[in-house]
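To start, the structure itself, in structure tokens.
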Amino acid sequence: MLHSNEAKNLVGCCGLYCGLCSKYQSNAPSRCIGCRLGEQHSWCSIWNCCVKKHQYETCSDCRHAFHCAIFVRRKVAEWIPAAENLRQMKEIGLAEWTKEQRERQTLLERLLEDYNEGRSMSLFCKVCARMPIDLINRAREEAAGRARERGALDLKAKARLFKTVVKEIAAAAHIDLS
């Protein structure tokens with residue numbers, strides 16, 4: 001599991017958690033190292049306003065965040081789960097919110113290790129960003145149970161099974177994974 005300082009560097013000021021992003025989880029040469037590290041964030045108008053101009057840690061520190069022209073123009077309020085993440089940061093505090101995101105990232109890394117057949121990273125990132133942790137764990141348990149019933153499965157079959165189960169659970173909970 002990440003240490004709190006490492007995890008804090010993965011908190012995007014817009015409300016996204018970089019550790020749950022497929023560009024961060026990728027091993028490709030174009031891998032992103034996170035919004036707070038490196039210079040890749042210098043192009044981001046939200047980062048420039050939040051961090052550079054106002055010295056906020058996140059947009060949740062700004063009382064105008066959801067009415068901000070930049071936020072509206074970049075459609076951040078529509079991003080799932082950025083807007084809800086900012087509300088949670090404000091409600092429970094950044095440290096507590098980051099602790100949950102570290103737990104989600106650890107869960108994502110387990111999913112990638114156990115089920116990623118090379119085509120599922122984006123879905124698993126969405127699952128870990130959008131679904132409650134208890135539902136993700138329920139999907140893991142249910143998929144493991146079904147796999148035991150079916151006997152030895154190759155990675156593609158295990159991945160297909162997990163994706164079916166997690167999509168069923170998400171649909172029943174009205175969670176959009178598209």
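The values are calculated or read from the model by the stated rules, or taken from the named source; none is laboratory data. Just so it is clear, the model here is predicted, and its values are computed rather than measured. Counting neighbours? That spans all protein chains shown, and the Cβs are built from the backbone with ideal geometry, glycine included.
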Scope region 127-178; condition under 18 Å from ARG104 (Cα atoms), part of a helix (DSSP H, G or I) and of a type in the set (D, E, K, R); matching residues:
ARG130, ASP134, ARG138, ARG140, GLU141, LYS163, LYS167
ALA129 out of contact with any His (no Cβ under 7 Å at 6 or more places or on another chain), under 21 Å from SER26 (Cβ atoms), surrounded by 19 or more Cβ atoms within 10 Å (Cβ to Cβ) and at pLDDT 90 or above:
yes
Scope region 24-49; condition within 22 Å of GLN105 (Cβ to Cβ) and either in contact with a helix residue (DSSP H, G or I) (Cβ under 6 Å, 6 or more places away or on another chain) or surrounded by 15 or more Cβ atoms within 10 Å (Cβ to Cβ) (or both); matching residues:
TYR24, GLN25, CYS32, GLY34, CYS35, ARG36, HIS41, CYS44, ILE46, TRP47
Scanning region 87-118 for residues that are touching a Leu at 6+ places or on another chain (Cβ under 9 Å) and among the basic types (Lys, Arg), which turns out surrounded by the fewest Cβ atoms within 10 Å (Cβ to Cβ)?
ARG102
Being within 13 Å of PHE124 (Cα to Cα) and out of contact with any Ser or Thr (no Cβ under 7 Å at 6 or more places or on another chain) is the filter here; which residues of region 138-160 pass it?
ALA139, ARG140, ARG160
Keeping to region 53-86, report how many residues are charged (D, E, K, R) and either touching a helix residue (DSSP H, G or I) at 6+ places or on another chain (Cβ under 7 Å) or modelled with pLDDT of 85 or more (or both).
6
Just one listed residue, out of ALA159, ALA144, ALA82, is aliphatic (A, V, I, L, M) and surrounded by fewer than 21 Cβ atoms within 10 Å (Cβ to Cβ), and it is ALA144
With the requirement that a residue be polar (S, T, N, Q) and part of a helix (DSSP H, G or I), what does region 107-126 give you?
SER122
Filtered residue count, region 58-106, keeping only those that are within 14 Å of LEU16 (Cβ to Cβ) and part of a loop (DSSP other than H, G, I, E, B)
6
Would you point out the residue of region 165-177, among those that are touching a residue at least 12 places away in the same chain (Cβ under 8 Å) and farther than 14 Å from ARG138 by Cβ, that is surrounded by the most Cβ atoms within 10 Å (Cβ to Cβ)?
LEU177
Of those in region 6-33 that are touching a residue at least 60 places away in the same chain (Cβ under 8 Å) and part of a helix (DSSP H, G or I), the residue nearest to CYS50 (Cα to Cα) is LYS8
